[in-house]
Amino acid sequence: MNTEDLLLFGFANGLLLALFAAAVVDFGLAWRRSGGPVPALRFLWHEEHLLFGSWGEARRLRFGQYAFCLGLVLYEFTVVFCNSMAREQWPWLQAQLSPVLDTVMYLAFFAKILLGTRYNWRSLGVAGALYFIARWVYFNGQNIWFLGLAVVLLAAKDVPLRRAMKAFLGCGVPTLALVEILHFAGIVAPGATSERDGSFRLMFGYGHPNTFGGIVFGLVLAWVLLRRAKLCWWEIAAVAAVGVFLQVGPASRSAALCTLLLAVLLAGARLAKSRPAGKLGASLVAALVPLEVGVSLILPLFVVKIGPWANEIGPAWLKRLDDLLTCRISLSWAAYRMYDIKIAGQMLMDWPVLDNIFVYLLYQFGPVMLALVVILLMAALYGHARCGRWQEVACLIAVLLYGYMETQVLHITSDPAALLLCGAIFALPRAQWDTPTRT
């Protein structure tokens, strides 16, 4: 287990123990204030309050938002810069700087969760149970990004989405610009032989086009979530232009397709003018999640190996679809023959590369976590559609398609739209999903 894994391992256990300790203190303070266990439990279950007492409430809530934004900025910088090809030029970025930044980031999220967030026991119990399961499957699958995403979502409660996206863009845009300047100046660009076809400049400093595409896609999502209903037609056109660039420039097909889809969905959202969907309409939107899961898991069953060495797939329509989705179907077919499904997940081999997030979740984290993710996504889509937040719905649908082709949706860098799940994760009333606690 490397340093980063050990750090997150300790943090996961420490946070869980701290939440249990907070619950004990919470109960004791409520009992003393209300004069009995039953009134204390009634208060804790229904009323949102700070853990460890209500001292310095306004300052703690402001501090919590700043701590979350600090953690988010450090997360973004670590991925965008320290995981660029700069790590090849300066190995100390990963060996020395990243562990320090990760420590500060985890401490910021730790402080936000424990000291700067209001909970009632109902919401804390639901979110805490989800975190416990995420921690459980982490020890089997050893995917630090998944547990890291769970921590970010746990810390995101009570933080205005607009403030979070300002911090995300405020770090992500200049950091990406710095990487590109260093790359095209030849400072962090690797040798031509280390890149595909010798076209190292088309990798834009990240060693793989889909890594660069995922970072750009995440920044586009963040801009949309910052602007939301205020998006103009020229901004929607700019989103489409970014999609064209991602296909023509780095040839990141997955990010290009999803960015173009996002532009189309945003155009529809602008025409919808924040009109709430009825129960049937919202249910149809939410049904996109099990539909995609079904397609993800069923399509590989139709693969038939053909050719002289059985190295091509059929039928012809499936081959064309597999090519469009950059072999995601055939890779899932290979996984079906190599892995058993385990209830709490497992570590996966380097091949086949499972870039379909739902197949990936099934094998690395197990069917329990897959079912929870599906439920949360459906709840989020249904809730935002019912509230007429169509820009948010557009982002979630674009991320769904992106997840069909990339597991980078586990990185908040490529999927800031994951913050839209907070209302569902904490089982909050939909009216509170976009209304943070007063500070």
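Tabulated values for the structure
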read-out	value
For q = 0.15 Å⁻¹, Debye-computed log10 I/I(0) when each Cα of region 1-91 counts as one equal scatterer	-0.81
Hz values of 3J(HN,Hα) by residue in region 358-364 - Karplus curve (6.51, -1.76, 1.60), Gly and Pro given as x	6, 5, 4, 4, 4, 8, 7
Per residue, in Å², the accessible surface of the chain once ligands and nucleic acids are set aside, probe 1.4 Å	43
Region 55-101 shape via C-alpha gyration tensor axes, a/c threshold 1.5	prolate
Modelled FRET efficiency - R0 22 Å, residue 229 with residue 166, Cβ distances, 0.05 increments	0.85
Amide proton proximity set for residue 158, modelled H, under 5 Å, gap of 5+	437
Unit charges on C-beta of K, R, D, E only; dipole of the chain, Debye	1640
Karplus 3J(HN,Hα) series, Hz, for region 62-76 with 6.51 cos²θ - 1.76 cosθ + 1.60 (x for Gly, Pro)	5, 4, x, 5, 5, 5, 5, 4, 4, x, 5, 5, 5, 4, 5
Pairwise Cα inverse-distance average, inverted: Kirkwood Rh of region 288-356 (Å)	13.0
Per-residue ³J(HN,Hα) for region 338-351, Karplus 6.51 cos²θ - 1.76 cosθ + 1.60, θ = phi - 60°, Hz, x for Gly and Pro	10, 10, 9, 7, 10, 4, 10, x, 6, 7, 9, 7, 5, 9
Amide H contacts of residue 120 (H built 1.01 Å from N, under 5 Å, at least 5 apart or other chain)	49
Projected label distance in nm at residue 350 and residue 32, using a 7 Å step from Cα toward the beta-carbon	5.8
Long-range HN-HN contacts of residue 312 with modeled amide H, under 5 Å	306
Alpha carbon Rg of the chain, scaled by the compact-globule rule 2.2 N^0.38 Å	1.00
Label-point separation in nm, residue 208 to residue 88, each point 7 Å along Cα→Cβ	1.4
Radius of gyration and maximum dimension Dmax of region 372-439, Cα, Å	12.0, 40
Cα→Cβ-extended label distance, 7 Å offset, between residue 430 and residue 54, nm	3.1
Alpha-carbon Rg with Dmax, taken over region 42-145, Å	17.2, 58
Of 112/279; 157/230; 157/342; 157/273; 157/279; 273/319, pairs whose Cα-Cα distance is over 29 Å	112/279; 157/342; 273/319
For region 314-404: span of alpha carbons on each principal axis (Å, largest first)	43, 35, 19
Over the chain: helical MRE at 222 nm, DSSP H runs n ≥ 4 each giving -39500 (n - 2.57), nearest 500	-21000 deg cm²/dmol
Surface share of carbon and sulfur [accessible, 1.4 angstrom probe, percent] for the chain	67
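The values are calculated or read from the model by the stated rules, or taken from the named source; none is laboratory data. Since the structure is predicted, the reported quantities are computational estimates derived from the model, not experimental observations. In this analysis, Cβ positions are derived from the backbone assuming ideal geometry, glycine residues included, and neighbour counts consider all displayed protein chains. Please note that ligands, DNA and RNA were not included when accessible areas were found on the heavy atoms of the full protein model with its side chains. Shrake-Rupley method; radii C 1.70, N 1.55, O 1.52, S 1.80 Å.
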